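What follows is a set of notes on a single structure, which appears directly below.
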Amino acid sequence: MKKCLILLVMELLLIGCSRKIYRIERDDVTINVRHEDGRYKNTISLSGNKKKDLSYKEPLTGRNFLIENAARDEKSGEMIGVRELEEVIVTAKSENISERNGIILLGFIITVPSAILDSRWQLEILPILSIGADTIHFSSIAITGIDFKKAQSKGYLKYEKYLRRIIPDEADFYEFYTDLPNLVLFLERNLPESRILEGINNNELKSEFGISEKQIVDHYVREWLIERNEKRKREKDLYFNKYVRIPRIRGCRLDSVIKDINGDFAYHYSQEVVASKESSKLRLNLYGTIRDQSGLAVRLKPSDTLQYNVSSMISFIDTTARYKKKTVYRRMSSNINASIEFKPGKYKIDPALSSNLRQLTIIKDTIGKIINNDELVLDSLIITAASSPEGYYSNNKILSARRAGAIKQYLQEILETGKDESFTIINGHLVSENNDTVKNEKKLHIVSKSIPEEWSELLRLIQIDQNIVEKEKIIGCMDIRNPDDRENAMKIYRKDYRYIKEYLYPALRKVDFTFHLHKRGMIKDTIHTKELDTVYQRGVAYLKERRYSDALKILSCYEDFNTAIAHMSLGHDFSADKILSGCNETAIKVYLQAILAARRDEEDQAIQYFKKAKKMDISMAYRGSLDPEISYLINKYNLNEDLFK
């Protein structure tokens, strides 16, 4: 009987609690935004009008009765008391906030009056910030009643008790899932050599009755116990929802438990936001949810939008296009190397040998690109063939010259006989087959040169090669004047010489092609002109997007006004001040110097700069209210008093 009475009382309490929450939902409570001071203070409030209750004293009995505001419930027809809520206020420090060092610091005060707090409730407030099309969910705040907390903790205790009944996976199988005493006894009597309880299985072991080790264990395994444990694992979520009706809020900024409701609850909320190109305008909304012990939840309507105007240094960016000087030369040259292979002691070109065909194709394609370039004219092509030091110098000298001549003749035959599809030579002029127009005003001049033995390149390759053992001694051989004696001296170091001959000599047998060109229609040898500095423009674009570090990497070498802004935005005040001192005197420059002086706590200097900037441009006076360094001085010393005279 007593237990039933307790349950009845609890049910009545829950009904009363739920009815109170329904009133909040029916009264259409909303979160609103208002600015108490148009310039410095914003307020978000969950509003409702307070109405006093009337008291009545019965004449006959002298008993006092409290008469509340009442309304008829549309569904049940019952008259119920109505109590309108006081305000939930969120006060922002300023609607004009500033960005410093790439960070925006938001701060606002959430105030919840005692009228909306209940020991059986939990109130969750979630601030959401909108930046352009993106949203940032700040950590929520929970204000939890003591009775709600007790009920919630009780549910978690029940769930933890349920979890303790689950046998963990790492538990000893034989201890928890078998009839261990009888299993041990049976093994000792019938299969004493078994070590299965030590974790060593041996399915070959059998008792004198032919029963295997596995069969013995299976006989003593409690399958029903395994199935029951697996079922408990599967039903964890089910029992969590059964015992824990209202889970704890994860990632909560604050979870304050209210025991005695005798006053308002206030919390100062501060949050850092990383600046981006979209963060010049920020919008803040509050979303509130009230929950009771039974799991009933009522969502409050979202607040009106509170807007923040974010000031930053990027509004001072100098967008003037920057140009750089460019020197254009009439004559120029281009080099490519090709490794044309020849048979030992031979100089005739064999396109099928090694990679010759691919190398020759590269040369032809290069000539084709130059010929079909409307801005360039090919004056001459110089072919320089080099040989490795292998053999006698006199032979290599003749061989190199013949190889260079052979390559020259090969190219001329291709071009003059029209074997190449893109161009040919007519009367010594290069002509494109695509449009049949002469591309060169002058005859194509092909010159062949040779280097008998490429010793300078060999020395460089030896110096950088880590596989040569007697490197210093071989390098010493390079001082020998006669090339043949020089090579013979190297041969003394047989192992190293074999390596050099096999791996380094082939790189010396190369052909260098030098193209000498000039700009078509250009008469002077050099022209000085200007072109848009696209690198600088990219740095300014990064600055506008608030990518300050990326911007500074580009702008640091320019050391101009925009470089100073990048330094200021990153908090590099000394570097910014040094650069600004060398910039032209403008109102913006002086104003920025005022900010830097204020950051150094040099108030007198900052005031002088600010007054000077105002005198040069009156708009700096209004800008001062947006930057905290200057607005502090304006309010402290009434620096804008002259604007209202």
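Taking the options Lys449, Lys491, Lys524, Lys471, name whichever one is over 54 Å from the mean Cα position of the chain (by Cα), farther than 24 Å from Asn337 by Cβ and either open to solvent by 60 Å² or more (accessible area, probe 1.4 Å) or modelled with pLDDT of 85 or more (or both). Answer to the selection: Lys491.
Scanning the stretch 284-303 for residues that are more than 30 Å from Glu629 (Cα to Cα) and crowded, with 17+ Cβ neighbours inside 10 Å yields Tyr287, Gly288, Ile290, Arg291, Asp292, Gln293, Leu296, Val298, Leu300, Ser303. Considering the stretch 595-625, and only residues there that are open to solvent by less than 80 Å² (accessible area, probe 1.4 Å) and not in a helix (DSSP H, G or I), the residue that is nearest to Asp577 (Cα to Cα) turns out to be Glu602. For the stretch 323-335, the count of residues that are at pLDDT 85 or above and loosely packed, with under 15 Cβ neighbours inside 10 Å is at least one.
Among the residues of the stretch 196-213, those that are within 30 Å of Arg165 (Cα to Cα) and surrounded by fewer than 14 Cβ atoms within 10 Å (Cβ to Cβ) comprise Glu198, Gly199, Ile200, Asn201. Of everything in the stretch 369-400, what is open to solvent by 50 Å² or more (accessible area, probe 1.4 Å), assigned to a helix (DSSP H, G or I) and under 25 Å from Met490 (Cα atoms)? Give them in sequence order. Across the stretch 369-400, the qualifying residues are Tyr393, Ser394, Asn395, Lys397, Ile398.
Can you confirm whether Leu360 is modelled with pLDDT of 75 or more, assigned to a loop (DSSP other than H, G, I, E, B) and open to solvent by less than 60 Å² (accessible area, probe 1.4 Å)? Answer is no for this residue.
Can you find, within the stretch 148-181, the residue that is least open to solvent (accessible area, probe 1.4 Å) among those that are in a helix (DSSP H, G or I) and in contact with a Leu (Cβ under 9 Å, 6 or more places away or on another chain)? Among those residues, the one meeting the criterion is Tyr177.
Considering Ser256, Ser279, the condition of being open to solvent by less than 40 Å² (accessible area, probe 1.4 Å), in contact (Cβ under 8 Å) with a residue 24 or more places away in the chain and assigned to a loop (DSSP other than H, G, I, E, B) is satisfied by Ser279 alone. Here Asp550, Asp512, Asp573, Asp577 are screened, and the one residue that is in contact with a Phe, Trp or Tyr (Cβ under 6 Å, 6 or more places away or on another chain) and charged (D, E, K, R) is Asp550. One residue alone among Asp134, Asp118 is in contact (Cβ under 8 Å) with a residue 24 or more places away in the chain and open to solvent by less than 30 Å² (accessible area, probe 1.4 Å), and that residue is Asp118. Screening Asp365, Asp318, Asp350 for residues that are farther than 30 Å from Lys397 by Cβ and assigned to a loop (DSSP other than H, G, I, E, B) leaves exactly one candidate, Asp318.
The values are calculated or read from the model by the stated rules, or taken from the named source; none is laboratory data. These numbers were taken from a predicted model, which means no experiment stands behind them. Methodologically, a virtual Cβ is constructed for each residue, glycine included, from the backbone with ideal geometry; neighbour enumeration extends over all protein chains shown. Heads up: the accessible areas ignore ligands, DNA and RNA and are worked out on the full protein's heavy atoms, side chains in. Shrake-Rupley method; radii C 1.70, N 1.55, O 1.52, S 1.80 Å.
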